1. With a cap of 11 neighbouring Cβ atoms within 10 Å, and only residues DSSP puts in a loop, list the GluC sites (Glu not before Pro) found in the stretch B:72-135.
2. Compute the separation of the alpha-carbon centres of the stretch B:208-287 and the stretch B:170-196 and state it in Å as a whole number.
3. What GluC sites (Glu not before Pro) does the stretch A:26-81 have in DSSP loop regions with at most 12 other beta carbons within 10 Å?
4. Please work out the FRET efficiency for the pair B:Ser108 and A:Arg65, using the Cβ-Cβ distance as r and a Förster radius of 30 Å; give the result to the nearest 0.05.
5. Could you pull out every one of the lysines with an alpha carbon less than 17 Å from that of B:Lys94, ignoring same-chain neighbours closer than 8 positions?
6. For the stretch B:115-258, what relative contact order do you get, as a whole percent, if you take Cα pairs closer than 8 Å and at least 6 residues apart?
7. Given Cα pairs under 8 Å that are at least 6 residues apart, what percent is the relative contact order of chain A?
8. On a 1.4 Å probe surface of the protein chains, which of B:Ile121, B:Ile93 comes out largest in accessible area, and what is the full order?
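The values are calculated or read from the model by the stated rules, or taken from the named source; none is laboratory data. Predicted, not measured: the structure shown is a model, and the values here were computed from it. Glycine also receives a Cβ, built like all others from the backbone with ideal geometry; neighbour counts cover every protein chain displayed. Remember, those area values only see protein heavy atoms, side chains included, never the ligands or the DNA or RNA. Shrake-Rupley method; radii C 1.70, N 1.55, O 1.52, S 1.80 Å.
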Amino acid sequence: MASRPKLSGLQKQVLGLYRGFLRAARLKAPEERSQIESIVSVEFRKNVEAVDRKNFLYIEYLLRRGKKQLEQLKSVDTIKLSTLEVGQKPQ
Amino acid sequence: MATARVLLRRGSSAARGLLPAYAPRTTVASPTAARLLLVQAHSSQSDSAAAKPKRSKTFAIYRWNPDHPEKPQLQQYEIDLGECGPMVLDALIKIKNEIDPSLTFRRSCREGICGSCAMNIDGDNGLACLTKISSSSGASTITPLPHMYVIKDLVVDMTNFYSQYKSVEPWLKRKDPPSSPGKEILQSKKDRAKLDGMYECILCACCSTSCPSYWWNPETYLGPAALLHANRWIQDSRDQYTKERLDAVNDEFKLYRCHTIMNCAHACPKGLNPAKQIETIKKLQLQ
């Protein structure tokens, strides 16, 4: 196995958040679980490409937002997660 | 039809402006009576006729958009003070309406009672709806509450502040039922007077965000606002959990991070003194 690169504190936080989402998804119903996992992984992979590694301000903002969303997801009353696209109306 | 008599006063341009419109009338109906009346048909007419200097004020406002994340900037806006209300909130709303609709800020009551529009204006925390626009010629700097996470432009994340308020348990707690069941718990006027200076707090966070001790320890130090409310419930004669409340706050970080810096009393837009209430709690801890 190739030696893993040393992860920075910020990277560990992001991975910890991702892990938190997957663990929360495990507690939900099976169909919803796969949907939650797909939404979360798409979001994280999109941000890996889109966000500059040095843009700490934005990454921390995304982490705070993600933590709040995770708290909401963890609640027993939440049963599913869904997203919708807010598009620009063509003038 | 009443004859219009125009009084020429100190060569004012206003009267000169009016004169052409009324000149025929005055020449026709020249008064023999001694009484002269000042008549102005429309007051705005005189304003537009006079050369009124345009009072403009520049505002440098903190901008940061999470959807297009670059470094936060101070963006300059210039507005005409003659067409704007006296308060900073009026200026912000005017900028949002006429110049830049993307400017984001919280506001609700516009009269200093809701605490939504708390922000840092020219270095001092305060409510935008209660802070007059300074008449100095330099630019006015408006930034969000210091040392708070920014969600967008002037909107900050208040969840930590509110959870600290919640941790104080700001509700009446009793061990035994009220003396007359189904009725209010009675309180003398003197006991009610003890709560003055604490119940008026609107949770705007101006005090807590002005405290350097709160800047360095926001998660552990409760901050002046939460401690003011803690004292409000400690002082309440109807509450029976006074000892438990004092023990809950009696922590090196929760209470004793206060080093009587007194920024909170300076910042409070309602004129309250959180530092004094914290001192009261500290004194009670000694007993």
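1. B:Glu111
2. Comparing the Cα centres of the stretch B:208-287 and the stretch B:170-196, I get a distance of 22 Å.
3. Numbers: sites: A:Glu31, A:Glu32, A:Glu37, A:Glu43, A:Glu49, A:Glu60, A:Glu71; in loops: none.
Qualifying residues, ordered by number: none.
4. On the way: r = 24 Å, r/R0 = 0.79.
Result of the calculation: an efficiency of 0.80.
5. By straight Cα distance, B:Lys94 reaches B:Lys54, B:Lys57, B:Lys132.
6. So the answer I get is 25 percent.
7. Once divided by the residue count of chain A, the mean separation gives 37 percent.
8. Solvent-accessible surface, decreasing: B:Ile93, B:Ile121.
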